[in-house]
Amino acid sequence: MVVARSSLSVLAAPDEGTRADAARLAAAADPGSEFGAAVRELFEGVARGDHLIVLRPDQEVTPAGAADLLGVTRQFVDRLLADGVLAFRRLPGSKHRRIRVGDVLALAEERQRRQQGSEVLRAALG
């Protein structure tokens, strides 16, 4: 089953035949490339019966959703929003905020680059 709502897709395999197809596709994906590894992981999840959600970069999430994507607390995301680190928009006539998935992923990549740089520096100094 694939449920698509504008920029959000939910993938799920309700039957054994579909899960077996997903397992075959996973085995055929090239694990040597970053894209192939991601596709393989996606199909392996479907083969296990997992429900997977695919978000496009222009999809928006709540601060709690951004926290889930970043692996941090919602309070930390609130600070990122207040400090201007993450852009957001308010829903009309509301206090509710929405953040573009692309912005959240860009921040996650930047955090990962900084963490890797710190590890390299520690290794060089250690």
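The values are calculated or read from the model by the stated rules, or taken from the named source; none is laboratory data. Just so it is clear, the model here is predicted, and its values are computed rather than measured. All Cβ positions, even for glycine, are placed from backbone atoms using ideal geometry, and neighbour counts span all protein chains on display.
The numbered conditions (1) surrounded by 12 or more Cβ atoms within 10 Å (Cβ to Cβ); (2) at pLDDT below 95; (3) farther than 20 Å from D58 by Cβ are all true for R79 except (2). Residues that are within 17 Å of the chain's Cα centre (by Cα), of a type in the set (S, T, N, Q) and exposed (fewer than 14 other Cβ atoms within 10 Å of the Cβ) within the stretch 51-76 comprise just one, T73. Among the residues examined, R24 does not qualify as among the basic types (K, R), free of Cβ contacts under 8 Å to residues at least 24 places away in the same chain and under 24 Å from Q112 (Cβ atoms).
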